[in-house]
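Report on the structure given below.
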Amino acid sequence: MLLVSLLLFPFCLTRTAVADTVWHWPLDPPVQVVRGFDPPAQRWLPGHLGVDLAAEPGSPVRAAGTGRVHFAGSVGGTPLVSVAHGDLRTTYLPVESPLARGDPVAAGDPLGVLAASPTHCPHRSCLHWGLLRGGTHLDPLGLLGRGRVRLLPLDPAPHPW
């Protein structure tokens, strides 16, 4: 029953999505989160659609889970990699990568290295790690069992319309 309620909340991951894959941090330990997931109340409002992890330029960036490279290249001058894991997609930026679309990766495999520029974080170098299901951004820390948990009632009040 809890799984049903989690499916109704777009920022949560279902247990089945997480259980099918072994997930890992995209950086070697120790890992420090410098900015967490903070989705905006509305798509056009300010927020943060991923997590920022402290890292130095040249640090290896690894696949969080098994999948296939969805994109590896530059968007708006920022090098990035995204990996498809079934209906989920993880994103990593700024990452310079030798990989190409369709390349298979296993959890923990190197995707590339953290680029020196452009930087994502204003005061230090960092890796921005994102997670999407379709067009909905999710908290990637949920893959590791570390995201915020929010429960919904099983029988929400009916809509007046």
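Among the residues of this structure, residue 75 does not count as one that is β-branched (Val, Ile, Thr) and buried (at least 21 other Cβ atoms within 10 Å of the Cβ).
Open to solvent by less than 10 Å² (accessible area, probe 1.4 Å), in contact with an Asp or Glu (Cβ under 8 Å, 6 or more places away or on another chain) and of a type outside the set (Ser, Thr, Tyr): which single residue out of 88, 114 fits that description? Walk me through it before giving the result.
Details: 88 fails: in contact with an Asp or Glu (Cβ under 8 Å, 6 or more places away or on another chain).
Within the list 88, 114, the selection yields 114.
A single entry from 143, 152, 99 fulfils the requirement of being over 21 Å from residue 34 (Cα atoms) and either at pLDDT 95 or above or open to solvent by less than 20 Å² (accessible area, probe 1.4 Å) (or both): 99.
Candidates in region 35-68 are the residues that are among the hydrophobic types (A, V, I, L, M, F, W, C), part of a strand (DSSP E or B) and open to solvent by less than 10 Å² (accessible area, probe 1.4 Å); of these, the one that is nearest to residue 106 (Cα to Cα) is 61.
Considering (1) at pLDDT below 95; (2) surrounded by fewer than 17 Cβ atoms within 10 Å (Cβ to Cβ); (3) farther than 21 Å from residue 40 by Cβ, the lone condition that residue 125 does not fulfil carries the number (2).
The values are calculated or read from the model by the stated rules, or taken from the named source; none is laboratory data. Remember, predicted model here, so these are calculated numbers, not experimental data. All Cβ positions, glycine included, derive from the backbone under ideal geometry; neighbour counts span all protein chains shown. All accessible areas refer to the heavy atoms of the entire protein, side chains included, with ligands and DNA or RNA removed. Shrake-Rupley method; radii C 1.70, N 1.55, O 1.52, S 1.80 Å.
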